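Peer 1: I have a structure here, written as C-alpha cells, and I will follow up with some questions on it.
The values are calculated or read from the model by the stated rules, or taken from the named source; none is laboratory data. Since we're looking at a predicted model, the values are computed, not measured. In this analysis, Cβ positions are derived from the backbone assuming ideal geometry, glycine residues included, and neighbour counts consider all displayed protein chains.
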Amino acid sequence: MAYWHEGEHQLDQANNLYKQIISEQPDYIDAFLRLAYLARKRGDLHRCLHWIDEASKSRAKAPVNQHCLKGKILFDMGRLNEASTEFKFVLERMVRDDSYSFLGLANIAFKNALNCKD
C-alpha cells in the first residue's frame, strides 16, 4: 500500500505507512530506503541521509543500493570524498563490477577535474 501511495504522489500517506512498517519490522531495510527516496523527492537531502543511516543500524545486511544511494546523495551535497568512500566500499567489498559504483566514481573524477579548472 505504501508503494502504491508513493506512485500516486500521496507522499504523506506513503511516508506514514513506511514508518508503520519499520515500527513492526525494524530490520526491513527497503522501508528505510523508501523513506530516504521520499525525502529526496522533497529535496531534503539531510533527511534522506538520516533514513539511510537508520537503515545501517538494522541487523539486516545492507544491500548494494543502500551504499549507492548514500554515495549519490553525498555527491549531490558536494561531499565528494565521502561519496567516493561509499562507491569504493561497494566495489571492494560487495560487487566488484557494480556499474553504478563505477559511474559514481567516474562522476566524482569528472567533478574534481572541473573543479581543478577553476
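Peer 1: Check 31, 55 and return the single one that is within 28 Å of residue 111 (Cβ to Cβ) and either in contact (Cβ under 8 Å) with a residue 24 or more places away in the chain or assigned by TED's automatic domain parsing to the domain that holds residue 105 (or both). Write out each step before concluding.
Peer 2: Details: 31 fails: within 28 Å of residue 111 (Cβ to Cβ).
Result of the check over 31, 55: 55.
Peer 1: Of (1) surrounded by 16 or more Cβ atoms within 10 Å (Cβ to Cβ); (2) aliphatic (A, V, I, L, M); (3) within 27 Å of residue 2 (Cβ to Cβ); (4) not assigned by TED's automatic domain parsing to the domain that holds residue 15, residue 83 satisfies all except one. Which?
Peer 2: For residue 83, the failing item is (3).
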